[in-house]
Amino acid sequence: MRIPRFYFPDPLAPGARVALPQDAAHHAVRVLRLGENDLVRLFNGDGCEYRARIVRLDKQSPVVLIESSAPLSCESPLNVLLVQGISSGERMDYTLQKSVELGVGAIQPIQAERSVVKLPGERMQKRMQHWRSVLASACEQSGRNVVPEVRPVSGLMDWLGLQASGAGSQAPGGELRIHLAPEAALSLRDLEKPTGPVVLAAGPEGGFSDNEHAALRQCGFVGVKLGPRILRTETAALAALAALQILWGDY
Ligand code: SAM
């Protein structure tokens, strides 16, 4: 049987004994029926994978002994920041989960003019926590040891205001800025391989407004279309990520 992997949010070291966090404990004991002496693998985002053995079942919460650690990376050489217009609950979750599988480097959720979901104060904090747990679970499943960062929600104009200005599509640091737009003339194949990271902007269900498109262009984002068909917001970002990995990443 494959040794189950769990995200552990704190520092780890061989020889340490730690109790698995609640979600991992539930999955290990209730779903996988693991018991004393069974092996698990842990990661905390420091680039290593830790092999551990269950040494005690405390009120159903397993305590594990870290036996060894090894650096392990399956990160893509292509660093992609996904700037995603917030879509409704499950769609956004799907986008985040699959983007981790497709090797995204970080995610910037954008409260776009046409985002259906508006997230005031406390709800936003809860949603951010939820998104972080979606990303961690996707890393558990996909074998990644680095959990992509989910950045604080921002309005598009505010976020663009913080970006260094870029001429054309090559911004400072060799960054390639792309925004997905069904009416664009260029396709990904028309772009030159970037020498730095890629920033990929995808609109929410209703797309970006004309103002937002104009602001993106002004900030050096080049419009790119993904074929002649309109894709749902969650399909668009994921199709683009897969294409980017084929063109310049590790596919
Ligand atoms: N009527 C909306 C529009 O014109 O933008 C459609 C929005 S689409 C459902 C949601 C987002 O997916 C768009 O904002 C765009 O970023 C992306 N998208 C969908 N289909 C696309 C395509 N064929 N090419 C490029 N981007 C696309």
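All of the numbers you see were taken from the coordinates with simple rules; none came from a lab. Here the structure is a predicted model, which means the values were calculated and not measured. As a convention, Cβ positions derive from the backbone with ideal geometry for all residues, glycine included, and neighbour counts pool all protein chains shown.
Spacing of the modelled spin labels on Arg229 and Ala214, each 7 Å from Cα toward Cβ, amounts to 3.3 nm. Secondary structure note: in the chain, about 45% of the DSSP beta bridges are antiparallel. Pairwise Cα distances in segment 5-71 exceed 13 Å for 56 percent of all pairs.
Can you give the FRET efficiency for Val116 and Leu39, using 1/(1 + (r/R0)^6), R0 = 51 Å, r = Cβ-Cβ distance, to the nearest 0.05? Before the final figure, lay out the partial values.
On the way: r = 44 Å, r/R0 = 0.87.
Taking R0 as 51 Å, the efficiency between Val116 and Leu39 is 0.70.
Positive end of the dipole of the chain (Cβ unit charges, origin at the Cα centre): among Ala16, Ile107, Ile178, the Cα lying farthest that way belongs to Ala16.
Roughly what % of Cα-Cα distances in segment 101-163 sit above 18 Å, to the whole percent? Counting pairs separated by more than 18 Å, the tail of P(r) holds 43 percent. Note on the chain: helix-only mean residue ellipticity at 222 nm, from DSSP H runs of 4+ residues weighted -39500 (n - 2.57) and normalised by residue number, equals -9000 deg cm²/dmol. Per the Debye calculation on the chain with a single equal scatterer at every Cα and no solvent contribution, log₁₀ I(q)/I(0) for q = 0.11, 0.12, 0.14, 0.15 Å⁻¹ amounts to -0.64, -0.74, -0.92, -1.01. Ranking Thr235, Ser154, Ser142 by Cα position along the charge dipole of the chain, where only Lys, Arg, Asp and Glu carry charges on their C-beta atoms, puts Ser142 farthest toward the positive end.
Pairs from the list Lys98/Lys225; Lys118/Lys193; Lys193/Lys225 with a Cα-Cα gap above 26 Å: Lys118/Lys193. Once both labels are positioned 7 Å from their Cα atoms along Cα-to-Cβ, the gap between Arg123 and Leu65 label points is 4.9 nm.
Evaluate the relative contact order of the chain (contact order divided by residue number), counting alpha-carbon pairs under 8 angstrom at least 6 apart; express in whole percent. Relative contact order for the chain comes out at 20 percent.
Output the DSSP H helices from the chain with an along-axis C-alpha extent of no less than 18 Å and a mean Kyte-Doolittle hydropathy no less than 0.5.
Values: long enough: 89-101 (19 Å, -1.21); 121-142 (32 Å, -1.09); 233-248 (23 Å, 1.33).
Those that pass (Cα extent of 18 Å or more, hydropathy at least 0.5) are 233-248.
The order of the peptides 10-18, 218-226 by mean Cβ neighbours within 10 Å, most packed first, is 218-226, 10-18. Put the Cα centre of segment 125-155 next to the Cα centre of segment 1-61 and the gap is 19 Å.
Only Lys, Arg, Asp and Glu count, each charged at its Cβ (+1, +1, -1, -1), so figure out the dipole size of the chain about its Cα centre, rounded to 20 debye. Walk me through the intermediate numbers first.
Working: 27 positive and 26 negative charges, 108 e Å.
For this selection, approximately 520 debye.
Oblate is the label for segment 198-251, because the ratio a/c of its alpha-carbon gyration tensor axes (a ≥ b ≥ c) is 1.5 or higher and a/b is not greater than b/c.
Answer rounded, prolate or oblate for segment 80-133, using the Cα gyration tensor with square roots of eigenvalues a ≥ b ≥ c: rounded when a/c is under 1.5, else prolate when a/b is larger than b/c, else oblate. Here segment 80-133 falls in the prolate category.
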